[in-house]
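Here is the structure we will look at, set down as structure tokens.
No lab work stands behind these numbers, since they all come straight from the coordinates. All of these numbers come straight from a predicted model, not from anything done at the bench. Please note: Cβ atoms are built from the backbone with ideal geometry, for glycine as well, and neighbour counts cover all protein chains shown.
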Amino acid sequence: MRTGCGKSGRKKIVVAPNAFKGSLDAPGVAAALARGVRAAGGGWEVVPLPLADGGDGTTACIVSATGGKMFKKTVTGPLGEPVEAFWGLAGDGSTAVVEVAAASGMARLPRKSLDPMRATSYGTGELILAALESGCRRLFLGLGGSATCDAGAGILQALGVELLDGAGRPLPRGGGSLKELATISHERLSPRLRGVELIVGYDVANTLYGPEGAAYVYAPQKGARPEQLPLLDEGLRHFADVVKKELGADIGTLRGGGAAGGIGAGLAGVLGAKLVPGAEEIMEIVGLRALLESGEVGLVITGEGEINAQTLYGKVPVAVSRMAKRFGVPVLVLAGGVKLDLEAARREGITTMLSITDGPMSLDEAMARTAELLESTARRVMELVRVNL
């Protein structure tokens, strides 16, 4: 693999991976890769930048990369129970970070209790309010991992938006009640939102409703039974119709609008939030673009648990490679499993992909040895780079 590491002024190696789900979080992956690169002895400056795509781990990645702070708060869980969640403040002191999974995620419930007909995103709205108290001027909300299918209705209600049925009563929480929505009022919207840029980062590109929408594609994994899928989809479609009638916003076809049970579409339509690919926005916040623009980076190493066709839809490794490609920086992808066509990967800017497994082993063994395998693979690769300089 040819890199720019031997060029004058291009001695930095950026290590920017996603988590290896189920075995090691993104900061842990970045640390293991950094150890491997340093062990190769090339004298490179290693810059760890753990990343996420907007789902679980987003807050920790941004706080870690920017030298920010984490804050805890007890809020409403998916089914109304109190949960201890968290939010973060980036190192710049003006960018707050909230991830939906912290308060409203599937991990908050036993699998047998998952129920998107009743699950609410209200607790995420409470986290947003807490973050706004910091005086931030920008708030990034990472989508992904939610237990909900309520189009962000719970968040909106927590922020003071009145969602009322035909009799003027507040809409009950949960995706099952969206079909009863009749009017939307901003009269009691929290004044803390004034002057704050609200950015919502999606981790999947699905639209709000329809065969590829939030209900039919993702609600089954959130506990929805087959007969509930058309009901949830109908509710999301009705929510979009009311938003269009009341506010003039067409949210039904927004790319990423179906992420996190429709939270992306709901916040874009009702609050005017900016809906963006989560991985790309996170790369901006942690400073990856600025590093690449400096001309000092000779190689980027990224990765996640498995590289496959889904990776092409904006997952971390491809988001990184697309950005690096603009600046002519080669990208090495390391993964537990590599199931993506190399030519398809190269079109996205990936130089090469390698599996970290060093011989026949079970999945359980590979997951137990993830840190060790990442470190040893990175070391061997960088030793080869030294030989070829």
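If you look for lysine pairs in the range 58-279 that are eight or more places apart or on different chains, how many of them have Cα atoms under 27 Å apart?
Taking the Cα cut-off of 27 Å, the pair count is 16.
For the range 203-311, just run the numbers: alpha carbon Rg, then divide by 2.2 N^0.38 Å, N being how many residues it has.
On the way: Rg = 17.5 Å, N = 109, 2.2 N^0.38 = 13.1 Å.
Expressed relative to 2.2 N^0.38 Å, the Cα Rg reads 1.34.
Based on alpha-carbon atoms only, what is the radius of gyration of the range 58-279 relative to the globular estimate 2.2 N^0.38 Å? Could the numbers behind the result be given before it?
Numbers: Rg = 15.8 Å, N = 222, 2.2 N^0.38 = 17.1 Å.
Cα-based Rg divided by the globular estimate yields 0.92.
Over what distance in Å are the Cα centres of the range 208-231 and the range 19-94 separated?
Going from one Cα centre to the other spans 30 Å.
What is the fewest-to-most order of Thr120, Thr148 by other Cβ atoms lying within 10 Å of their Cβ? Walk me through the numbers before you get to the answer.
Details: Thr120 29, Thr148 33.
Least crowded to most crowded, the residues run Thr120, Thr148.
Cα axis of helix 229-247 to longest principal axis of the chain: angle in degrees, 0 to 90, nearest 10?
Tilt of helix 229-247: around 80 degrees.
Placing one identical point scatterer on every Cα of the range 1-104 and ignoring solvent, what is log10 I(q)/I(0) from the Debye formula at q = 0.09, 0.10, 0.11, 0.16 Å⁻¹?
Cα-only, vacuum Debye calculation for the range 1-104: -0.31, -0.38, -0.44, -0.78.
Express as a percent, rounded to the nearest 5, the fraction of DSSP beta bridges in the range 58-279 (both residues included) that run antiparallel. Walk me through the intermediate numbers first.
On the way: 15 of 29 bridges.
In the range 58-279, DSSP labels about 50 percent of beta bridges as antiparallel.
Taking only DSSP H segments of four or more residues, each worth -39500 (n - 2.57), what value at 222 nm results for the chain once the sum is divided by all its residues, to the nearest 500 deg cm²/dmol? Walk me through the numbers before you get to the answer.
Values: 14 runs with 139 residues, N = 389.
When only DSSP H runs of four or more count, the value is -10500 deg cm²/dmol.
In whole Å and largest first, what semi-axes does the C-alpha gyration tensor of the range 196-255 yield when each eigenvalue is scaled by 5 and square-rooted? Walk me through the intermediate numbers first.
On the way: eigenvalues 94, 49, 17 Å².
After scaling each eigenvalue by five and taking roots: 22, 16, 9 Å.
Using alpha carbons only, how many degrees (0 to 90, rounded to 10) separate the axis of helix 259-271 from the longest principal axis of the chain?
Roughly 60 degrees, rounded to the nearest 10.
Give me the angle, in degrees from 0 to 90, between the Cα long axis of helix 370-388 and the longest principal axis of the Cα atoms of the chain, rounded to the nearest 10.
So the inclination is approximately 40 degrees.
Using the Cα atoms of the range 88-137, I'd like the radius of gyration and the largest Cα-Cα distance, Dmax, both in angstrom.
Answer for the range 88-137, Rg first and Dmax second: 13.4, 41 Å.
Just one of (i) 1.01; (ii) 1.65; (iii) 0.98 is Rg/Rh (Cα atoms, Kirkwood Rh) calculated from these coordinates, so which is it?
(i)
Can you tell which of Ala368, Ala324, Ala260 shows the greatest fluctuation in a Gaussian network model of the chain with Cα springs below 10 Å?
Ala368
Go through 97-106, 306-315, 24-33 and give me the packing order, highest mean Cβ count within 10 Å leading.
Final packing ranking: 97-106, 24-33, 306-315.
If you average the alpha carbon positions of the range 107-143 and of the range 264-330, how far apart do those two centres end up, in angstrom?
23 Å
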